[in-house]
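Structure first, commentary second.
The values are calculated or read from the model by the stated rules, or taken from the named source; none is laboratory data. Since the structure is predicted, the reported quantities are computational estimates derived from the model, not experimental observations. Using ideal geometry, Cβ is built from the backbone for each residue, glycine included, and neighbour counts are taken over all protein chains shown. Protein only, heavy atoms only, side chains kept; ligands, DNA and RNA dropped before computing areas. Shrake-Rupley method; radii C 1.70, N 1.55, O 1.52, S 1.80 Å.
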Amino acid sequence: MAGKTVTRADLCEAVYQQVGLSRTESAQLVEAVLSEIADCLASGETVKLSSFGSFVVREKGQRVGRNPKTGEEVPIAPRRVMVFKPSSILKNRINGRTGGEGDDD
Amino acid sequence: MIKSELVQKIADANPHLYQRDVENIVNAILEQVVSALARGDRVELRGFGAFSVKKREARTGRNPRTGKQVDVSEKAVPYFKTGKEMRERLNGQA
């Protein structure tokens, strides 16, 4: 695959170009947006960003895992994980289509 | 929390900005992520997580209602892997 990696710096640049704030302030706002989303998820709440997708927090129960190297059984404690559910618009864009209709699996 | 609530929170914390600007900021960020993935690039946001695109091979599926076989063509799906710091925060360790 294409191999390029987009980072915070690219997001800051986009905000700088499109909104017309200083670079410093653009960077601060990118950070503010990310940490607002992270705080919300850390509190267990779902974050829904229309036309992008949603981040959902799920509770995982305890289960027995295995150390793949030694074959030893180890208990995996119950924990919380977050999953990203892409919107159909995002899925279509990735497949070179536009719009939000189409397969929704 | 939905997008408008996110915009509202950021706007409340930055009274010198118009709500319109904050909306544009949030949309610019999301659009960068979407267009990167559409190009097949990865998006890595340290401490939060990373978005990437995974290829799914063409396969023969079945209509679960009728049991009829259908050809499912090759496609790409977005994938998100939670960052280390975020994973720890979800479990109250950070």
Practice task
Rounded to the nearest 10 degrees, what's the angle between the helix A:23-42 long axis and the longest principal axis of chain A, both from Cα atoms, 0 to 90?
Solution key: 30 degrees
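Tell me, what is the FRET efficiency for A:GLN28 and A:VAL81 to the nearest 0.05, using R0 = 22 angstrom and their Cβ-Cβ distance as r? Write down the numbers at each step before the final one.
Values: r = 29 Å, r/R0 = 1.32.
E(calc), rounded to 0.05, equals 0.15.
Would you calculate a helix-derived [θ] at 222 nm for the protein assembly as shown, using -39,500 (n - 2.57) for each DSSP H run of n ≥ 4 and dividing by the full residue count, to the nearest 500? Walk me through the numbers before you get to the answer.
Numbers: 6 runs with 78 residues, N = 199.
Only helices count here, giving -12500 deg cm²/dmol.
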Exercise for the section: For chain B, state the average projected area of the convex hull of the C-alpha atoms over all orientations, rounded to one decimal in nm². Expected result: 9.6 nm²
Exercise for the section: Return a single number: how many Lys pairs in the protein assembly as shown, at a sequence separation of 8 or more or on separate chains, have alpha-carbon atoms below 13 angstrom apart. Expected result: 9
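Restrict the search to region A:32-105; then list the trypsin sites (Lys or Arg not before Pro) that DSSP places in a loop and that have at most 11 other Cβ atoms within 10 Å of their Cβ. Spell out each step's value before the answer.
Working: sites: A:LYS48, A:ARG58, A:LYS60, A:ARG63, A:ARG66, A:LYS69, A:ARG79, A:ARG80, A:LYS91, A:ARG93, A:ARG97; in loops: A:LYS69, A:ARG97.
Answer in residue order: A:LYS69.
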Problem - 10 Å Cβ shell holding at most 14 others, DSSP loop, trypsin sites (Lys or Arg not before Pro): longest site-free stretch of chain B - result: B:1-45
Handout entry: Rounded to 10°, Cα long-axis angle of helix A:8-19 versus longest principal axis of chain A
Key = 30 degrees
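For the protein assembly as shown, count all C-alpha to C-alpha pairs, find those more than 23 Å apart, and express that count as a whole percent of the total.
Details: 10449 of 19701 pairs.
Value for the protein assembly as shown (Cα pairs over 23 Å): 53 percent.
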Exercise for the section: Evaluate E = 1/(1 + (r/R0)^6) for A:ASN95 and A:GLU72, where r is the Cβ-Cβ distance and R0 equals 30 Å; express this FRET efficiency to the nearest 0.05. Expected result: 0.10
Completion exercise
Computed over chain A, the relative contact order (Cα-Cα under 8 Å, seq sep at least six) in percent reads 17 percent
Completion exercise
For A:VAL6, other-chain or 5+-apart residues with amide H closer than 5 Å (H placed, Pro excluded) are B:ARG42, B:VAL43, B:GLU44
Exercise for the section: Quick one: plug the Kirkwood hydrodynamic radius of chain A (C-alpha pairs) into Stokes-Einstein at 4 °C, 1.567 mPa s, and report D in µm²/s. Expected result: 75 µm²/s
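Which value, in debye to the nearest 20, describes the size of the charge dipole of chain B about its Cα centre when Lys and Arg Cβ atoms bear +1, Asp and Glu Cβ atoms bear -1, and nothing else is charged? Walk me through the numbers before you get to the answer.
Values: 18 positive and 12 negative charges, 137 e Å.
It works out to roughly 660 debye.
State, as an integer percentage, the relative contact order of region B:1-63 based on alpha-carbon contacts under 8 Å between residues 6 or more apart.
Numbers: 31 pairs, mean separation 10.7, N = 63.
Relative contact order for region B:1-63 comes out at 17 percent.
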Practice task
Tally up the carbon and sulfur contribution to the accessible surface of chain A as a whole percent, 1.4 Å probe, everything protein left in place.
Solution key: 50 percent
Exercise for the section: Could you work out how far apart the two model spin labels at A:GLU59 and B:TYR79 are, taking each label as a point 7 Å from the Cα in the direction of the beta carbon, and quote it in nm? Expected result: 2.9 nm
Exercise for the section: Could you list the chymotrypsin sites (Phe, Trp or Tyr not before Pro) in chain B that lie in coil according to DSSP, counting only those with at most 16 other Cβ atoms within 10 Å of their Cβ? Expected result: B:TYR18
Handout entry: Shielding of B:83-93 by partner chains, average beta-carbon count, 10 Å
Key = 4
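Ignoring the sites themselves, what is the longest stretch of chain A with no GluC sites (Glu not before Pro) in a DSSP loop and at most 11 other beta-carbon atoms within 10 Å? It would help to have the intermediate numbers written out before the result.
Working: sites that count: A:GLU72, A:GLU101.
Free of exposed loop sites, the longest segment is A:1-71.
Over all residues in B:51-58, what is the mean tally of Cβ atoms on other chains that come within 10 Å of each residue's Cβ? If you can, show how the numbers build up before the last one.
On the way: counts 5, 2, 4, 2, 1, 0, 0, 0.
Mean partner shielding for this stretch: 2.
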Practice task
Count neighbours as other Cβ atoms within 10 Å of each site's Cβ, and list the GluC sites (Glu not before Pro) in region B:1-79 that are DSSP loop with at most 14 such neighbours.
Solution key: B:GLU57, B:GLU74
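Would you mind giving the mean number of other chain beta-carbons within 10 Å of the Cβ of each residue in A:55-68, as a whole number?
1
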Handout entry: Inter-probe distance in nm under a simple model that places probes 7 Å from Cα toward Cβ, at B:ALA58 and B:ALA13
Key = 4.8 nm
Fill in the blank from the handout: Rounded to the nearest 10 degrees, the helix B:3-13 long axis (Cα) sits at an angle to the longest Cα principal axis of chain B of 20 degrees
